[in-house]
Amino acid sequence: MFKFMSKKGITLSLSAVLMMGSLVGCGAKTETKPAASATPAASTAASASAKPTDAPKTELSGTVTASGSSALLPLVKQAATEFMEKNPKVTINVTAGGSGTGIKNVADGTSDIGNSDVEPAAEYKDKGLVDHQVAIAPFAFIVNKDVKVDNVTKAQAADIYMGKITNWKEVGGNDAKIVLVHRPDSSGSRTLVKQIILDGKEFTKDGITQENSGAMKTAVVGQSSSIGYVDTPYIDDTVKALKIDGVAFSEENIKNGTYKLFGVEHMYTKGEAKDPAKAFIAYISSKEFQGKQVRDLKFLPADLLKK
């Protein structure tokens, strides 16, 4: 009896142990683990998704001052109007004053941009000016519509502005004293005429002087027997543009080298440009603006003569 009971007790004890083991095993399978922190791989993926380019671009703001060439003024004003429409927090103030004034202003920090028809004089070579070429401007001699001359040679034009030829009859016109209209010494237009037509010789002091291209045209319109010079965006049917050596200004004649009186238009900055001036110059230099607005305003694209 004792032995029987012992075996039964052993059996019951083993059964109890097995049941407890089963319960523990089930508990291990159903245990809920605490939330784990992100694995290194997951963190890397999350970081990669937050790219710097996903951040919103900073809206341009600030003021840009541009001064100088009155020849380039129509182009810069048009670009400024369009740029401010696209960037309402930017203000661009554009004034004339002549190429020399523009270069001086940007060199001494008065202006952010100096507009010029010519390269800086030697005194500015070490001022850290950076050149941005934005257009080509054809120039022409213009006369009052009562002048009976349509063409002058380069030599005749030089002699007129040096005071050696003083009457229109000397170049095939009517008997009338030539009235000269000049630009001031600071003018890039004057410098171009001096370099290209007068071969560096000096202008006569006879005549009248006008401060900008618009005033030059107005003076020629209002003064009988007068002659002046402007870039072609200022030319309209109130004046007559003269051919030079029988060649009229045109894109093709500039490209083939037969028309010499033109200038490369520059926008100078002191050092590399910074926004918003940098963005403004980039806008003027863009393919879209160069291809349409530059031509619409009677300028030519800056890369016209580049090979």
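The values are calculated or read from the model by the stated rules, or taken from the named source; none is laboratory data. In this text the structure is predicted, and so the values were computed from the model without any measurement. Cβ sites come from the backbone with ideal geometry, for glycine too, and all protein chains shown count toward neighbours. Keep in mind that these areas ignore ligands, DNA and RNA; they rest on the heavy atoms of the full protein, side chains included. Shrake-Rupley method; radii C 1.70, N 1.55, O 1.52, S 1.80 Å.
Summary of values
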{"read-out": "Matching option when the condition is more than 30 Å from residue 248 (Cα to Cα), out of contact with any helix residue (DSSP H, G or I) (no Cβ under 6 Å at 6 or more places or on another chain) and in a loop (DSSP other than H, G, I, E, B), among 109, 163", "value": "109"}
{"read-out": "Pair list, Cβ under 6 Å, 6 or more apart: the range 199-218 residue open to solvent by less than 50 Å² (accessible area, probe 1.4 Å), other residue in a loop (DSSP other than H, G, I, E, B)", "value": "204/162; 204/163; 213/70; 213/71; 216/210"}
{"read-out": "Count of the range 291-307 residues which are in contact (Cβ under 8 Å) with a residue 40 or more places away in the chain and either in contact with a Leu (Cβ under 6 Å, 6 or more places away or on another chain) or assigned to a helix (DSSP H, G or I) (or both)", "value": "4"}
{"read-out": "Close pairs from the range 149-168: first among the polar types (S, T, N, Q), partner open to solvent by less than 40 Å² (accessible area, probe 1.4 Å), Cβ under 7 Å, at least 6 apart", "value": "151/242; 156/165; 156/171; 166/178; 167/176; 167/178"}
{"read-out": "Test: residue in the range 271-280 that is open to solvent by 60 Å² or more (accessible area, probe 1.4 Å), aliphatic (A, V, I, L, M) and either on the phi > 0 side of the Ramachandran plot or not assigned by the TED database to the domain that holds residue 154 (or both)", "value": "no"}
{"read-out": "Residue that is farthest from the chain's Cα centre (by Cα), among those in the range 177-187 that are surrounded by 17 or more Cβ atoms within 10 Å (Cβ to Cβ) and at pLDDT 95 or above", "value": "178"}
{"read-out": "Residue under evaluation residue 259, criteria (1) open to solvent by 10 Å² or more (accessible area, probe 1.4 Å); (2) touching a helix residue (DSSP H, G or I) at 6+ places or on another chain (Cβ under 7 Å); (3) touching a residue at least 24 places away in the same chain (Cβ under 8 Å), criterion not met", "value": "(1)"}
{"read-out": "Residue in the range 67-82 that is touching a residue at least 24 places away in the same chain (Cβ under 8 Å) and assigned to a strand (DSSP E or B) present", "value": "yes"}
{"read-out": "Within the range 129-162, considering residues that are β-branched (Val, Ile, Thr) and within 30 Å of residue 284 (Cβ to Cβ), the one most open to solvent (accessible area, probe 1.4 Å)", "value": "130"}
{"read-out": "Among the residues listed as 278, 240, the single one being over 25 Å from the mean Cα position of the chain (by Cα) and not hydroxyl-bearing (Ser, Thr, Tyr)", "value": "240"}
{"read-out": "Every pair of residues 6+ apart whose Cβ atoms lie under 8 Å, when the first sits in the range 104-115 and is basic (Lys, Arg) while the second is assigned to a loop (DSSP other than H, G, I, E, B) and modelled with pLDDT of 95 or more", "value": "104/110"}
{"read-out": "The listed residue being open to solvent by less than 60 Å² (accessible area, probe 1.4 Å), hydrophobic (A, V, I, L, M, F, W, C), closer than 28 Å to residue 120 by Cβ and in contact with a helix residue (DSSP H, G or I) (Cβ under 6 Å, 6 or more places away or on another chain), out of 239, 193, 171, 230", "value": "230"}
{"read-out": "Subset of the range 114-128 that is buried (at least 17 other Cβ atoms within 10 Å of the Cβ) and in a loop (DSSP other than H, G, I, E, B) - its residue that is nearest to the chain's Cα centre (by Cα)", "value": "117"}
{"read-out": "Flag for residue 146 being in a strand (DSSP E or B) and farther than 26 Å from residue 258 by Cα", "value": "no"}
